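Here the structure is laid out as structure tokens; the discussion comes afterwards.
Nothing in this text is a laboratory measurement; each read-out follows from the coordinates by a stated rule. This is a predicted model, so every value here is computed, not measured. FYI the Cβ positions are ideal-geometry reconstructions off the backbone, even for glycines, and counts take in every protein chain you see.
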Amino acid sequence: MTKGTLSLQRCETYDQKLVYNAIQKLLAPLGGIKAFVKPGYRVLLKPNMLSCKEPEKAATTHPAVIEAVARICCEAGATVFIGDSPPAIFGRAEEFWDKTGFAAAAANSGAQLLNFESGDKKLVRFNSNGRQLTVYVTQHYYEADLVINLPKMKTHNLTRITGALKNLFGLLPGLAKAQWHKAFPRPVEFSDFITDLAHQLPCGLTIMDGIEGMDGQGPAGGRVVKPGVLMAATSPVTIDLGFCKIVGLNPEEIPMLRRCQALNWGAASLDQIEIVGEPIETLTIRDFRVPRLATMSLVPEWLINLARKLFWAGPRLLPDLCIKCGRCKKICPAAAIVISESGAEFNRKSCIACFCCMEVCPVDAIEMKTSSLLGLLFKLRGIKRNIRKRKN
Ligand code: SF4
Ligand code: SF4
């Protein structure tokens with residue numbers, strides 16, 4: 001018995017008409033939009049609006065995808081809303097909407113933009129790894145008859161990938177998100193938290209924008225890559241499994257997907273999924289780079305505890321780029337940043353390596369630095385991988 005369907009369509013440009021047609025084709029095997037949207041529905045689109053950057057930077061869901069989905073839902077008789085809560089919005093919602101192209105997508109499709117920061121919130125309690133947690137979720141999520149998750153295909157310094165599961169973290173409004181990095185500083189702990197949270201926040205449909213994505217130092221400072229694919233499924237777990245297959249990642253090495261298995265949530269692998277549309281083998285891409293820090297999750301916990309001083313990673317300033325805006329200081333959950341004459345300065349003792357500062361820096365003035373030993377470990381892994389590739 002299959003555990004869901006993954007629909008795939010090739011789409012290589014953000015030409016509005018092509019994207020609209022590709023999404024119609026993508027949804028057809030799932031029953032078309034009418035299987036999800038009834039006339040009069042209130043539909044919330046949840047794209048990824050991580051940073052105040054232009055769509056070409058591939059840090060955010062492309063407005064052409066948002067516009068196409070919004071149009072299709074409006075045509076089915078829904079009232080459509082678009083909303084997200086970036087970690088560093090700091091009262092600049094309009095600036096984010098303009099720069100990311102979300103404002104134009106809303107205007108062109110007849111959708112309305114929502115600012116999660118200013119609306120009501122609902123208190124949600126859930127259990128994660130034996131800990132009772134309390135989060136605030138935007139009330140807009142609960143007011144919608146249907147939530148459509150619109151993630152971007154990107155890497156993440158802490159969780160390795162930021163796809164469909166991680167995108168739901170943005171339903172928590174405001175700076176509170178940074179506090180969760182402090183509560184769960186390690187990649188596996190944080191991934192478990194994100195997965196347990198996503199499990200509490202079901203969405204009716206997920207459509208991933210993988211026309212252009214980001215690898216390397218994601219989710220904000222990586223390299224733009226062009227997988228040329230759109231994916232749709234009812235489960236975010238199915239989408240992230242498809243993402244892994246397309247970029248050549250083993251889902252077993254993605255802590256969020258391991259957690260899904262532990263929760264018995266969704267399919268354990270693509271073998272349990274019916275794949276429709278474009279054959280997935282024709283969509284795979286080579287040389288997709290995964291952030292190095294994520295390799296920390298492969299180092300055994302006892303070794304990390306024992307050798308914390310030897311294996312570390314943290315932010316480093318590129319002083320020539322820093323404009324001293326102070327956004328990194330404001331978001332830092334560990335109060336590890338001061339802004340001096342020469343720019344941002346990091347206190348390595350209090351830094352928990354969450355890289356929120358890197359995500360919010362508007363000019364990419366922060367990069368990741370690692371200890372020499374961790375750097376060596378990365379190099380060895382790189383050499384090993386190259387040897388394996390040559391053998392293949
Ligand atoms: S590092 Fe980036 S976010 Fe921090 S003060 Fe400099 S420019 Fe602003
Ligand atoms: S300095 Fe940057 S990486 Fe370190 S805790 Fe603060 S936000 Fe996170």
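Summary table below
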{"read-out": "Simple spin-label estimate for R316 and Q132 in nanometres, 7 Å along Cα-Cβ", "value": "4.5 nm"}
{"read-out": "Förster radius 22 Å - calculated FRET efficiency between A107 and N21 (Cβ-Cβ, nearest 0.05)", "value": "0.55"}
{"read-out": "Reciprocal mean inverse distance between Cα atoms of the range 115-181 - Kirkwood radius, Å", "value": "13.4 Å"}
{"read-out": "Cα-based shape type of the range 5-283, given that a ≥ b ≥ c are square roots of the gyration tensor eigenvalues and the cut on a/c is 1.5", "value": "rounded"}
{"read-out": "Difference of contour (0.36 nm per residue) and Cα-Cα distance, V224 to S342", "value": "39.5 nm"}
{"read-out": "Full-extension gain in nm, R125 to D287, via 0.36 nm per residue minus C-alpha separation", "value": "54.3 nm"}
{"read-out": "For the chain, share of DSSP beta bridges that run antiparallel, in % to the nearest 5", "value": "60 percent"}
{"read-out": "Per-q log10 I(q)/I(0), the range 1-84, q = 0.13, 0.17, 0.22, 0.23 Å⁻¹ (Debye; single scatterer per alpha-carbon; no solvent)", "value": "-0.47, -0.78, -1.16, -1.21"}
{"read-out": "Neighbour-count order for T284, T60, T155, fewest beta carbons within 10 angstrom listed first", "value": "T284, T155, T60"}
{"read-out": "Among beta bridges that DSSP assigns inside the range 1-127, antiparallel share in %, nearest 5", "value": "0 percent"}
{"read-out": "Whole-angstrom gap from the range 223-267 to the range 321-354, using each part's C-alpha centre", "value": "32 Å"}
{"read-out": "C-alpha center-to-center spacing [the range 35-101, the range 170-197] in angstrom", "value": "22 Å"}
{"read-out": "Tensor-based shape of the range 1-141 (alpha-carbon gyration tensor, a/c under 1.5 rounded, otherwise prolate or oblate)", "value": "oblate"}
{"read-out": "Label-point separation, D145 to R186 (7 Å along Cα→Cβ), nm", "value": "4.6 nm"}
{"read-out": "Contour excess over end-to-end distance, with Cα ends at A262 and L373 and 0.36 nm allotted per residue", "value": "36.7 nm"}
{"read-out": "Modelled label reach - K3, point 7 Å along Cα→Cβ, the range 247-276 residues with backbone N closer than 11 Å", "value": "258-273"}
{"read-out": "Global geometry of the range 209-288, whether rounded, prolate or oblate, following the gyration tensor of its Cα atoms and the 1.5 cut on a/c", "value": "oblate"}
{"read-out": "Most mobile listed residue (G213, G326, G174) in the chain, GNM with C-alpha springs under 10 Å", "value": "G326"}
{"read-out": "Candidates T61, T134, T162: whichever shows maximal mean-square fluctuation once the chain is modelled as a Gaussian network with Cα springs under 10 Å", "value": "T134"}
{"read-out": "The chain: most fluctuating residue of K324, K25, K17 per GNM, C-alpha cutoff 10 Å", "value": "K17"}
{"read-out": "Alpha-carbon Rg with Dmax, taken over the range 1-49, Å", "value": "13.1, 38"}
